[in-house]
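Data block below; observations after.
The values are calculated or read from the model by the stated rules, or taken from the named source; none is laboratory data. In this text, all values refer to a predicted model and were calculated from it rather than measured experimentally. Ideal geometry is used to build each Cβ from the backbone, glycine not excepted, and the neighbour counts take in all protein chains shown.
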């Protein structure tokens, strides 16, 4: 069960700010499939207390005197393999989604792991970031980290099956930790027949003698080489 450490002074009226890392099960699986650990790295703050879920830390919390009219959004320098931290979505008293002060998008987005922002990437100006000041008018605020997948470049080049460099190339594409890539194209080069692909990831080459192949979802750039053999 989700639990938070008790406030230092439970008898004093206070407002609690819960910062949730908000890593969904789908995100965890994507990261694990890439061969990386799905753990959030963050700068610890001594004035914040850990939030646990089944003995796993899922966030940080702080309670402040309710007489304080503002709360400065903390900077934890969150990082997660395969993802970029975009900012925080804030929910007051488990119900009201708080739009950013400068947001033109006032429509409430549902918070939590099924958030519209995570699914569609819309309205980045809706999010709060470190250093912003939030008006303290509630008893509890839940801040959900929002993430978008990083894009990793797929670069094209070509050579013969005997490793002689050729002139064919193609504009780069991208893959992410969530999305694989299939190059739906058949390279053509005068005097040569297309034989298939070879890919290089992390300096490791894998030859795939197929017209179409799948570059699996993952972390890191890919070099995709079109292989040709001379016409006979």
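Which one of 215, 219 is touching a residue at least 40 places away in the same chain (Cβ under 8 Å), touching a helix residue (DSSP H, G or I) at 6+ places or on another chain (Cβ under 9 Å) and farther than 17 Å from residue 161 by Cβ?
Criteria check complete, one pass: 219.
Filter the strands (runs of 3 or more DSSP E) completely within the stretch 190-231 down to those with at least 3 residues that are within 28 Å of the chain's Cα centre (by Cα) and loosely packed, with under 13 Cβ neighbours inside 10 Å. Give the steps one after another, and end with the answer.
Values: elements: 192-201, 204-208, 222-230.
In the stretch 190-231, 204-208 are the strands (runs of 3 or more DSSP E) which contain 3 or more residues that are within 28 Å of the chain's Cα centre (by Cα) and loosely packed, with under 13 Cβ neighbours inside 10 Å.
Do we have residue 225 as touching a residue at least 60 places away in the same chain (Cβ under 8 Å) and farther than 30 Å from residue 26 by Cβ here? Give the steps one after another, and end with the answer.
On the way: touching a residue at least 60 places away in the same chain (Cβ under 8 Å): yes; farther than 30 Å from residue 26 by Cβ: yes.
Criteria met by residue 225.
Within the stretch 85-105, does at least one residue satisfy the condition of being touching a helix residue (DSSP H, G or I) at 6+ places or on another chain (Cβ under 9 Å) and modelled with pLDDT of 95 or more?
No, there is no match, as no residue in the stretch 85-105 is touching a helix residue (DSSP H, G or I) at 6+ places or on another chain (Cβ under 9 Å) and modelled with pLDDT of 95 or more.
Can you say whether residue 3 is in a strand (DSSP E or B), surrounded by fewer than 18 Cβ atoms within 10 Å (Cβ to Cβ) and either on the phi < 0 side of the Ramachandran plot or at pLDDT 95 or above (or both), as far as the supplied structure shows?
On the way: in a strand (DSSP E or B): yes; surrounded by fewer than 18 Cβ atoms within 10 Å (Cβ to Cβ): yes; either on the phi < 0 side of the Ramachandran plot or at pLDDT 95 or above (or both): yes.
For residue 3, the condition - in a strand (DSSP E or B), surrounded by fewer than 18 Cβ atoms within 10 Å (Cβ to Cβ) and either on the phi < 0 side of the Ramachandran plot or at pLDDT 95 or above (or both) - is met.
Just checking, how many residues over the stretch 25-39 are assigned to a loop (DSSP other than H, G, I, E, B) and either modelled with pLDDT of 95 or more or loosely packed, with under 15 Cβ neighbours inside 10 Å (or both)?
The initial filter retains those residues of the stretch 25-39 that are assigned to a loop (DSSP other than H, G, I, E, B), namely 34-39.
With either modelled with pLDDT of 95 or more or loosely packed, with under 15 Cβ neighbours inside 10 Å (or both) added as a condition, the list becomes 35, 37.
Qualifying residue count, the stretch 25-39: 2.
Please tell me if residue 144 is under 26 Å from the mean Cα position of the chain (by Cα), at pLDDT 95 or above and not in a loop (DSSP other than H, G, I, E, B). Talk me through it step by step, then tell me what you get.
Details: under 26 Å from the mean Cα position of the chain (by Cα): yes; at pLDDT 95 or above: no; not in a loop (DSSP other than H, G, I, E, B): yes.
It is false that residue 144 is under 26 Å from the mean Cα position of the chain (by Cα), at pLDDT 95 or above and not in a loop (DSSP other than H, G, I, E, B).
Restricting attention to the stretch 86-96, which residues are surrounded by fewer than 19 Cβ atoms within 10 Å (Cβ to Cβ) and in contact (Cβ under 8 Å) with a residue 40 or more places away in the chain? Break it down stepwise before answering.
Taking the stretch 86-96 and keeping what is surrounded by fewer than 19 Cβ atoms within 10 Å (Cβ to Cβ), we get 86, 92-96.
86, 92, 93, 94, 96, listed by residue number.
Quick check: anything in the stretch 149-161 closer than 16 Å to residue 86 by Cα and either in contact with a helix residue (DSSP H, G or I) (Cβ under 9 Å, 6 or more places away or on another chain) or exposed (fewer than 13 other Cβ atoms within 10 Å of the Cβ) (or both)?
Let us first name the residues in the stretch 149-161 that are closer than 16 Å to residue 86 by Cα, namely 149-151.
Subset that is either in contact with a helix residue (DSSP H, G or I) (Cβ under 9 Å, 6 or more places away or on another chain) or exposed (fewer than 13 other Cβ atoms within 10 Å of the Cβ) (or both): 149.
Yes, the stretch 149-161 contains at least one residue that is closer than 16 Å to residue 86 by Cα and either in contact with a helix residue (DSSP H, G or I) (Cβ under 9 Å, 6 or more places away or on another chain) or exposed (fewer than 13 other Cβ atoms within 10 Å of the Cβ) (or both).
Looking at this structure, is residue 165 surrounded by fewer than 19 Cβ atoms within 10 Å (Cβ to Cβ), outside the structural domain of residue 192 (by TED's automatic domain parsing) and touching a strand residue (DSSP E or B) at 6+ places or on another chain (Cβ under 6 Å)? Full working, then the answer.
Numbers: surrounded by fewer than 19 Cβ atoms within 10 Å (Cβ to Cβ): yes; outside the structural domain of residue 192 (by TED's automatic domain parsing): no; touching a strand residue (DSSP E or B) at 6+ places or on another chain (Cβ under 6 Å): yes.
Criteria not met by residue 165.
Restricting attention to the stretch 33-89, report how many residues are over 14 Å from the mean Cα position of the chain (by Cα) and under 22 Å from residue 221 (Cα atoms). Steps first, answer last, please.
Within the stretch 33-89, the subset over 14 Å from the mean Cα position of the chain (by Cα) is 33, 35, 42-76, 89.
Those still in the list that are under 22 Å from residue 221 (Cα atoms) too: 33, 35.
Here the count works out to 2.
Checking residue 17 against (1) in contact with a helix residue (DSSP H, G or I) (Cβ under 7 Å, 6 or more places away or on another chain); (2) surrounded by 19 or more Cβ atoms within 10 Å (Cβ to Cβ); (3) modelled with pLDDT of 85 or more, which single condition isn't satisfied?
All conditions pass for residue 17, except number (1).
Can you pull out every residue in the stretch 65-82 that is assigned to a strand (DSSP E or B), modelled with pLDDT of 95 or more and touching a strand residue (DSSP E or B) at 6+ places or on another chain (Cβ under 6 Å)?
Selection gives 79 alone.
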